[in-house]
1. Quick one: Cα centre-to-centre distance for the stretch 255-328 and the stretch 519-597, in angstrom?
2. Cα to Cα, under 17 Å, and not fewer than 8 places away if on the same chain: which aspartates and glutamates meet these conditions relative to residue 115?
3. Once whole DSSP H runs in the chain are found, which of them have Cα atoms spread over 18 Å or more along the helix axis and a mean Kyte-Doolittle score of at least 0.5?
4. Using the structure shown, list the pairs from 47/603; 51/491; 408/509 with a Cα-Cα distance above 26 Å, or answer none.
5. About its Cα centre, how strong a charge dipole does the chain have in debye, to the nearest 20, once Lys and Arg get +1 and Asp and Glu get -1 at the Cβ?
6. What part of the accessible area of the stretch 326-402, given as a whole %, is carbon or sulfur when the probe is 1.4 angstrom?
7. Suppose R0 equals 22 Å. What FRET efficiency, 1/(1 + (r/R0)^6) with r the Cβ-Cβ distance, do residue 289 and residue 234 give to the nearest 0.05?
8. Quick check: from the Cα gyration tensor, does the stretch 305-455 come out rounded (a/c under 1.5), prolate or oblate?
Amino acid sequence: MCGIVGYTGSQPCVPLLLSGLQHLEYRGYDSAGVAVVAPNGDLEIRKAVGKLVNLASELAHNAPEGTTGIGHTRWATHGVPSDANAHPHTDCTGRLCVVHNGVVENYAELRATLKSQGHVFSSETDTEVLAHLIEAELDSLPEDGNRLLEATRLALLKVRGLYAIAVVSLDEPDTLVGARSRAPLIVAFGDRGNFLASDVPAVLGDTRRVVHLQEGDLVVVRPHEVRFVNRSGEPQQREIEEITWDQTAAEKAGYPHFFLKEVFEQPVALQRTLAGRIADQQVVLPELDSLDVAKIRRIILTGCGSAHHAALMARYAFEAWLRLPVEVDIASELRYRHPIVDESVLCIAISQSGETADTIAAFELAHDLGAQTVAVTNVVGSAISIPSLADCVVYQQSGPEVAVVSSKSFTGQLGALFMVGLWLAQRLERLPRTEIAELVEHIAELPDCMQEALGTDEATARIGEQHADIDRLLFLGRGIGFPGALEGALKLKEISYIHAEGYAAGELKHGPLALVEHGSLIVVLATRSPTLEKLISNVEEVRARGGYIIAIASQGDESIADHSDEVIRVPEVPELLSPIVNVVPMQLLAYHAAMARGCDVDKPRNLAKSVTVE
């Protein structure tokens with residue numbers, strides 16, 4: 001959830017570090033800092049609490065000089081946002097410093113040991129122990145040209161947790177050392193120097209040639225040399241990847257906010273998810289070929305936040321298509337239960353970033369208990385996709401998502417899960433080939449349907465602005481519309497700060513109806529389905545108590561019109577596929593309400609894009 005960038009080469013590093021951090025600020029924005037090896041032999045550090053603009057202002061009139069440095073943008077985990085807790089963190093000597101993404105799980109134990117050895121700490125963070133661990137290892141090593149790499153390697157052998165780190169030291173002033181364990185880190189190769197970074201957008205302004213570090217990799221980066229080793233110190237060979245998408249993919253492209261841009265990118269993003277996966281009216285997923293489908297007797301879907309809602313939606317489709325028991329668990333709860341899992345279980349874990357700590361932990365538990373495991377993620381090389389954890393990985397291919405709140409990554413998750421479900425139906429022969437062909441045809445049409453659903457922007461803008469002053473509302477749905485209601489409520493809460501709840505409409509009379517009074521706003525997912533008639537009865541319960549109804553309905557279906565105050569029309573698609581279209585007006589409604597309330601849409605308070613802590 002934090003952003004790392006480092007550079008060593010022939011150019012002044014501060015502008016490069018600041019530019020890289022600007023493209024990583026979605027990963028954290030509580031504080032930021034840089035450390036630069038200055039020409040006079042000092043390690044100069046600048047930090048600022050708050051968003052990156054505060055650090056940029058400091059650097060505008062007080063920038064250190066130098067051509068080797070590291071930078072960081074933070075989302076607080078250990079210790080409140082403050083100058084002391086901002087990265088980079090130094091050792092006792094002030095000759096080396098570290099930036100870190102992730103969490104050191106045994107930091108309290110390590111900190112106590114280091115203190116007993118005389119080390120002095122100046123922050124509340126878990127990261128600072130890394131600097132002191134490396135310092136202690138350096139003291140025990142002979143003088144040679146690779147001391148920083150070896151000290152870092154030995155220090156990390158004592159660490160439990162998730163991390164991507166970058167280290168710089170005055171003892172090797174043109175050298176960066178990076179390491180990765182279940183958190184992403186890349187090396188980028190430029191014409192006038194080389195980079196470390198958490199993600200590709202940080203370096204696209206300078207180079208397209210990158211290597212994604214593999215699990216357990218460490219790397220030494222110098223201006224004209226890059227070397228990889230594993231945890232044992234053995235040399236490793238890594239292939240350079242040429243990035244084909246450009247910086248504009250991570251820029252706003254004329255939209256006022258990344259979130260709105262990414263909502264409107266959804267049709268194209270979904271096309272990428274489906275590309276190459278449909279042929280001859282069948283689903284093609286060679287990445288799943290290693291699964292032993294004959295063993296599967298039960299499926300567990302797990303994720304957090306919007307990924308959990310995607311799992312709930314997929315359950316309806318999987319049960320209908322596969323006729324197998326399907327369970328959905330919030331990942332943060334699954335790992336603390338005693339789940340009944342064995343080799344007959346297929347566990348599918350869903351994480352946009354591939355870094356979500358709770359999801360990884362739940363996935364790891366299922367794997368250790370013998371389940372076959374499939375990861376659905378948007379980030380190649382992410383922690384959830386490592387071969388020791390995931391038997392198979394299905395990449396969404398949704399493209400970069402900069403806004404903290406999920407939009408195109410959520411619909412990409414749904415698209416990928418639909419593909420997985422139909423692939424399993426083919427292999428298990430649970431659906432006739434003609435029915436699969438019909439479903440595949442409908443799925444192939446979904447990007448066009450989403451494009452049409454984006455035409456609700458004008459209506460949702462009017463409604464969002466009209467009702468922006470409310471303090472609470474309900475989203476209602478039945479069947480697969482119920483998790484759709486949960487997702488709609490989550491979006492509104494996340495970016496407009498309006499208290500919203502999603503409910504199964506049939507549950508109104510069991511409690512939530514007490515919240516309804518004259519003028520209460522209710523959003524109803526009322527697209528065509530076998531339960532629509534019952535849903536209309538639930539809507540009448542609300543109307544009888546003075547509720548104001550906004551219905552999301554299928555084009556051409558007038559059955560809800562006489563029972564609603566506002567109707568938003570979306571293309572009609574088969575019920576089990578409908579969430580991928582129905583979510584669009586709810587995303588837009590949340591956006592326009594947030595805009596009318598003056599909220600920071602791309603960076604909602606207290607949230608971060610990648611949640612790498614429990």
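1. Spelled out, the Cα-based centre of one part sits 24 Å from the other.
2. Qualifying aspartates and glutamates at Cα under 17 Å: 91, 124, 126, 128, 135, 137, 139.
3. Helices passing the filter in the chain: 408-428, 579-596.
4. 408/509
5. In total the dipole reaches around 480 debye.
6. 53 percent
7. Using R0 = 22 Å, I get an efficiency of 0.10.
8. oblate
The values are calculated or read from the model by the stated rules, or taken from the named source; none is laboratory data. These figures come from a predicted structure and were not determined experimentally. Positions of Cβ are generated from backbone atoms using ideal geometry, with glycine treated the same way; all protein chains shown enter the neighbour counts. Accessible surface is based on the protein model in full, side chains and every heavy atom, while ligands, DNA and RNA are left aside. Shrake-Rupley method; radii C 1.70, N 1.55, O 1.52, S 1.80 Å.
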